[in-house]
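Colleague: The structure follows.
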Amino acid sequence: MRYMSIYKTVETGRPPTEDEMVKMGNLIEASTKNGSLISTGGLMPSATGARVRLSNGKFSVTDGPFTESKELIAGFAILEAASKEAAIKMAKEFLQVMSVGECEVRPMHVEAA
């Protein structure tokens with residue numbers, strides 16, 4: 001089954017360190033080779049983004065940064081796992097590399113063939 005792991009953390013405004021990039025690269029390479037990592041991506045700082053809302057039929061757009069948020073989505077991974085427990089284990093391995101933050105792990109709907 002496929003799961004999405006949504007990584008949330010406090011926005012620091014700094015890019016990952018070289019050591020973090022090496023550790024993450026090793027984890028991504030191993031997880032891709034064993035078939036458990038389908039896709040991954042990191043997000044740019046919230047200052048480069050916008051929030052689009054629809055309420056009562058009206059749109060509003062708010063440019064970043066989103067300082068009112070304690071934690072923001074910083075990245076995602078689409079995982080292939082035999083169970084929710086296995087997906088949680090992968091999220092824990094990722095968080096050990098990052099040293100901070102949280103991952104929300106959710107099963108994905110099956111795509112129609």
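Colleague: Looking at region 31-54, which of the residues that are β-branched (V, I, T) and part of a helix (DSSP H, G or I) is modelled with the highest pLDDT? Quick ask: steps written out before the conclusion?
Modeller: First pass over region 31-54, keeping only residues β-branched (V, I, T): 32, 38, 40, 48, 52.
Subset that is part of a helix (DSSP H, G or I): 32, 48.
Values: T32: 96, T48: 91.
Checked region 31-54; the qualifying residue modelled with the highest pLDDT is T32.
Colleague: Here is a follow-up. Among the residues in region 8-30, are any on the phi < 0 side of the Ramachandran plot, modelled with pLDDT under 95 and part of a strand (DSSP E or B)?
Modeller: The answer is yes, given that some residue of region 8-30 is on the phi < 0 side of the Ramachandran plot, modelled with pLDDT under 95 and part of a strand (DSSP E or B).
Colleague: Taking the condition of being under 13 Å from the mean Cα position of the chain (by Cα) and closer than 21 Å to N34 by Cβ, how many residues in region 93-110 meet it?
Modeller: Matching residues across region 93-110 total 5.
Colleague: Here's something else I'd like to know. Can you tell me which residue within region 56-73, out of those that are modelled with pLDDT of 90 or more and not charged (D, E, K, R), is nearest to the chain's Cα centre (by Cα)?
Modeller: Within region 56-73, the subset modelled with pLDDT of 90 or more is 56-63, 73.
Within this subset, residues satisfying the condition of being not charged (D, E, K, R) are 56-57, 59-62, 73.
On the way: N56: 30, G57: 30, F59: 26, S60: 25, V61: 23, T62: 22, I73: 6 Å.
Among those residues, the one meeting the criterion is I73.
Colleague: Would you pick out the residues in region 1-30 that are closer than 15 Å to Q96 by Cβ and in contact with an Asp or Glu (Cβ under 8 Å, 6 or more places away or on another chain)?
Modeller: Scanning region 1-30 gives S5, Y7, T9, L27.
Colleague: Find all pairs meeting these conditions: Cβ atoms under 7 angstrom apart; at least six residues apart or on different chains; first residue within region 1-14 and touching a residue at least 40 places away in the same chain (Cβ under 8 Å) and exposed (fewer than 13 other Cβ atoms within 10 Å of the Cβ); second residue assigned to a loop (DSSP other than H, G, I, E, B) and of a type outside the set (A, V, I, L, M).
Modeller: If the second residue must be assigned to a loop (DSSP other than H, G, I, E, B) and of a type outside the set (A, V, I, L, M), the pairs left are V10/K70; V10/E71.
Colleague: Say whether the condition of being within 23 Å of T17 (Cβ to Cβ) and in contact with a strand residue (DSSP E or B) (Cβ under 6 Å, 6 or more places away or on another chain) is met by at least one residue in region 58-73.
Modeller: Yes, because at least one residue in region 58-73 is within 23 Å of T17 (Cβ to Cβ) and in contact with a strand residue (DSSP E or B) (Cβ under 6 Å, 6 or more places away or on another chain).
Colleague: Scan the strands (runs of 3 or more DSSP E) fully inside region 55-113 and keep the ones with 2 or more residues being touching a residue at least 24 places away in the same chain (Cβ under 8 Å) and surrounded by 15 or more Cβ atoms within 10 Å (Cβ to Cβ). Working first, answer last.
Modeller: Values: elements: 58-63, 72-80, 102-107.
Counting at least 2 such residues, we get 72-80, 102-107.
The values are calculated or read from the model by the stated rules, or taken from the named source; none is laboratory data. Remember, predicted model here, so these are calculated numbers, not experimental data. Note: ideal-geometry Cβ built from the backbone for every residue, glycine included; neighbour counts use all protein chains shown.
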